[in-house]
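Sharing a structure here in structure tokens format.
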Amino acid sequence: MKILIVEDNKDIAENIAGYLEPLGYTLDFAADGLSGLHLAVTQAYDVIVLDLMLPGMSGISICQKLRQEGNINTPVLMLTARDQLDDKLEGFQAGADDYLVKPFSVKELEVRLQALSKRTKNSSGSKSIQVADLYYNPDTMEAHRAGQKLDLNPIQRRLLELLMQNNRRVVAREELERLIWGDILPDNDVLRTHIYGLRNLIDKPFAKKLLHTKHGTGYRLYDATEEGTES
């Protein structure tokens, strides 16, 4: 696996290198935002690790440029000492896929990197999935609603795929977390934050709501007007 680490703290960078390189990972390093952005757009990586606070350009700005200007969908894991919900929400809205708060275990970092890489490479099938006017193709990883392309990050795509495959069924929060993150589960806010971002993309611009919350249980993606009621 080839990984880009954009981190200005030398001790943290050396700690990551000392753990991952002997295991066979190929690592590139950048100590500032501009250098990190340059590497991210000129080289191919399986995962990008971004520190939130960087000299020259923040991790948020780098992530936004990769997603919005570079059309680069490489999974991004954000490293930060800030653990407030608003900080996490800002990172996910910029296009980050996962979030690890400093100080962290390099073993947990490795597990999360492997999970991000595996999710991106695995596809559940070639047939497009449809719910109402919402379409998702697992092969091309493209989503459209009412003919409009939806720019989803990798976790949002995986969430959408799982919910569409379970059309009409309430999928429990615990089930979604297990299917997406495996044994290394995020804190309670992460899934909710991704659902919030997904809802803003697939529902907010459109008249008909498809993503429904079953309070205290989970989420359901379906066309409620077909049943005559909404939940």
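The values are calculated or read from the model by the stated rules, or taken from the named source; none is laboratory data. If you're wondering where the values come from, they're calculated on a predicted model, not measured in any experiment. Glycine gets a Cβ as well: all are built from the backbone with ideal geometry, and neighbour counts include every protein chain shown. Protein only, heavy atoms only, side chains kept; ligands, DNA and RNA dropped before computing areas. Shrake-Rupley method; radii C 1.70, N 1.55, O 1.52, S 1.80 Å.
Calculate, in whole percent, how much of the Cα-Cα pair population of the range 135-231 lies beyond 18 Å.
44
Also, quick follow-up: Where does helix 188-202 land angle-wise versus the long Cα axis of the chain, in degrees 0 to 90, nearest 10?
In the chain, helix 188-202 runs at an angle near 60 degrees to the longest axis.
How much solvent-accessible surface does GLU90 expose, in Å² to the nearest 10, with a 1.4 Å probe and all protein chains in place?
Accessible area of GLU90: about 80 Å².
Considering only protein heavy atoms, with the full assembly of protein chains and a 1.4 angstrom probe, order LYS65, LYS88, LYS118 by accessible area, largest first. Write out the running numbers ahead of the final one.
Details: LYS65 70, LYS88 15, LYS118 130 Å².
I get LYS118, LYS65, LYS88, largest accessible area first.
GNM on the chain, C-alpha springs below 10 Å: top fluctuator among ASP87, ASP187, ASP97?
ASP187
In nanometres, what is the gap between the two model label sites at VAL101 and ILE184, each 7 Å from Cα along Cα-to-Cβ?
Label at VAL101, label at ILE184, 1.7 nm between them.
Compute the long axis of helix 85-94 from its Cα atoms, compare it with the longest principal axis of the Cα atoms of the chain, and write down the angle in degrees, 0 to 90, nearest 10.
Between helix and principal axis, roughly 90 degrees.
I would also like to ask the following. Rolling a 1.4 angstrom probe over the protein chains, ignoring ligands and nucleic acids, what is the accessible area of VAL170 in square angstrom, nearest 10?
40
Follow-up question, since we're still on this one. When the solvent-accessible surface of protein heavy atoms is calculated with a 1.4 angstrom probe, in what order do LYS2, LYS149, LYS10 fall, highest first?
Output order, biggest surface exposure first: LYS10, LYS149, LYS2.
Something else about it: Give the long-range amide H neighbours of LYS214: residues separated by 5 or more places, or on another chain, with amide H under 5 Å away, using H modelled in the peptide plane at 1.01 Å from N.
TYR219, ARG220
Considering only protein heavy atoms, what is the solvent-accessible area of PHE29 at a probe of 1.4 Å, reported in Å² to the nearest 10?
For PHE29, the solvent-accessible surface is approximately 80 Å².
For the Cα atoms of the chain, what angle does the longest principal axis make with the long axis of helix 154-165, in degrees from 0 to 90, nearest 10?
That helix lies at roughly 20 degrees to the long axis.
Can you give the FRET efficiency to the nearest 0.05 for ARG192 and ARG82, using r as the Cβ-Cβ distance and R₀ = 22 Å?
The formula returns an efficiency of 0.80 here.
Rounded to whole Hz and in sequence order, give me ³J(HN,Hα) for the range 65-71 from the Karplus expression 6.51 cos²θ - 1.76 cosθ + 1.60, θ = phi - 60°, writing x for Gly and Pro.
With coefficients 6.51, -1.76 and 1.60, one gets 5, 4, 6, 8, 9, x, 6 Hz.
Taking H as built 1.01 Å from N, whose amide H comes closer than 5 Å to the amide H of GLU142, not counting residues under 5 places away?
ASN137
Compare TYR25, TYR222 by solvent-accessible area with a 1.4 Å probe and give them largest first, with all protein chains kept in place.
Result of the area sort, largest leading: TYR25, TYR222.
Using the beta-carbon distance between GLU69 and ALA44 and R0 = 22 Å, what value does 1/(1 + (r/R0)^6) give for FRET efficiency, to the nearest 0.05? All intermediate terms of the calculation are to be shown ahead of the outcome.
Numbers: r = 17 Å, r/R0 = 0.79.
That pair, GLU69 with ALA44, gives E of 0.80.
What residues have an amide H closer than 5 Å to that of TYR99, excluding those fewer than 5 places away on the same chain, when H is modeled at 1.01 Å from N in the peptide plane?
When sequence neighbours closer than 5 places are left aside, the close amide H contacts are MET78.
Then there is this: Bin width 10 Å, origin at 0, all Cα-Cα pairs of the range 42-180: what percent of pairs per bin?
11, 38, 36, 14, 1
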